[in-house]
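Below: one structure, written as structure tokens.
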Amino acid sequence: MEYTVQKLSNLAGVSTRTLRYYDEIGILKPARINSSGYRIYGEAEVDMLQQILFYKELGVDLDTIKTMVTSPSFDGATALKNHRQKLLEKREQLDKLIANVDKTIALREGKFKMTNKEKFEGFKQKLIDDNEKKYGKEIRKKYGEDTVNKSNAKMMNLTEEQYEKMIEIGRELEETLAEAFKTGDPAGELAQKAADLHKQWLGFSWPQYNKEAHAGLAQMYVDDERFTAYYDKEQPGTAEFLRDAIFIYAGMER
């Protein structure tokens, strides 16, 4: 079966403008242009659009999607299986969040008491959800879907003691970094202690540590104004100072 832009738009629930844009950037070309100048899409293009929309639903940016779906090694069947697994993982996270919200509502209405363990699970989920909302797109683009999902899973599996330790190290990191910044020396003892605390803090969520990724994250703190604003809120220049300290700690050159 063949579809015009309008018919495919109605079928897929996307705008005709979106389809024309996908054609322009080369991510979804029509099968042919008919004698009247209309774009005509076939079954292969419908399947490809489905793949694109799946990836978009998972938060993958268009540039990355284009690289994947236009690769000669792209396997549609394998991609669908991967989509299904990612959606199952996303559903599991959403189910946990919804369940926690339901319990919180019931708690507020006096229907039952929420255990500390249940509250704790909610704290972890909220932290993950807040990070996803603020930085999810950039982090997933930089480190990949699998790495971020594993990081979130590790966070959810933290014990209450591990979670409290992570918060404690986070506070110590902030205090040490503030004192180190006053010295103006990213290679100094305090600055290097801050870099090590930062590594320890990452260890509670990162599946595994490597120096390149640590340095890359530090650079993102400077490149992304949202991260910079967070670190510079008390002392402007702190994000760059932390970046420099971590580069020295990791043995990297800027």
Checklist line | Residue list for region 154-169, filter: among the polar types (S, T, N, Q) and assigned to a helix (DSSP H, G or I) | finding: GLN162
Notebook entry, point to check: Mind checking whether some residue in region 91-100 is open to solvent by less than 70 Å² (accessible area, probe 1.4 Å), basic (Lys, Arg) and in a helix (DSSP H, G or I)?
Noted result: no
Note to self: Given the criterion open to solvent by less than 90 Å² (accessible area, probe 1.4 Å), in a helix (DSSP H, G or I) and of a type outside the set (D, E, K, R), identify the matching residue among LEU28, LEU88.
What the structure shows: LEU88
Item checked: Extreme residue, nearest to THR238 (Cα to Cα), among residues of region 170-194 that are open to solvent by 40 Å² or more (accessible area, probe 1.4 Å) and not in a helix (DSSP H, G or I) -> GLY184
Next item on the list: Please go through region 62-87 and pick out each residue that is among the hydrophobic types (A, V, I, L, M, F, W, C), at pLDDT 80 or above and more than 17 Å from the chain's Cα centre (by Cα).
Entry: MET68, VAL69
Note to self: What's the total number of residues in region 44-53 that are of a type in the set (A, V, I, L, M, F, W, C) and open to solvent by 60 Å² or more (accessible area, probe 1.4 Å)?
What the structure shows: 1
Check: Can LYS56 be described as buried (at least 17 other Cβ atoms within 10 Å of the Cβ), closer than 26 Å to GLU132 by Cβ and at pLDDT below 90?
Finding: no
Note to self: I'd like to verify a number: residues in region 196-218 that are polar (S, T, N, Q) and buried (at least 17 other Cβ atoms within 10 Å of the Cβ), how many?
What the structure shows: 1
Margin query: Quick check on my filter: what residues within region 219-228 are more than 30 Å from GLU160 (Cα to Cα) and either of a type in the set (Gly, Ala, Ser) or open to solvent by 40 Å² or more (accessible area, probe 1.4 Å) (or both)?
Written below: GLN219, ASP223, GLU225
Item checked: Residues satisfying the stated conditions in region 195-231, i.e. of a type in the set (Gly, Ala, Ser) and either in contact with a strand residue (DSSP E or B) (Cβ under 7 Å, 6 or more places away or on another chain) or not in a helix (DSSP H, G or I) (or both) -> GLY203, SER205
Notebook entry, point to check: Given the structure, is ASP130 open to solvent by less than 80 Å² (accessible area, probe 1.4 Å), more than 21 Å from MET252 (Cα to Cα) and either β-branched (Val, Ile, Thr) or assigned to a helix (DSSP H, G or I) (or both)?
Noted result: yes
Check: Among the residues of region 3-18, is any without any contact (Cβ under 8 Å) to a residue 40 or more places away in the chain and in contact with a strand residue (DSSP E or B) (Cβ under 6 Å, 6 or more places away or on another chain)?
Finding: yes
Next item on the list: Sort out which residues of region 160-169 are open to solvent by 40 Å² or more (accessible area, probe 1.4 Å) and touching a helix residue (DSSP H, G or I) at 6+ places or on another chain (Cβ under 6 Å), and write them in order of number.
Entry: GLU160
Checklist line | Residue selected from region 7-25 under the condition over 30 Å from the mean Cα position of the chain (by Cα) and surrounded by 13 or more Cβ atoms within 10 Å (Cβ to Cβ), by the criterion nearest to THR64 (Cα to Cα) | finding: LEU8
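The values are calculated or read from the model by the stated rules, or taken from the named source; none is laboratory data. Computed from a predicted model, the values in this text were never measured in an experiment. Counting neighbours? That spans all protein chains shown, and the Cβs are built from the backbone with ideal geometry, glycine included. In case anyone asks, the SASA skips ligands and DNA or RNA and just uses the protein heavy atoms, side chains included. Shrake-Rupley method; radii C 1.70, N 1.55, O 1.52, S 1.80 Å.
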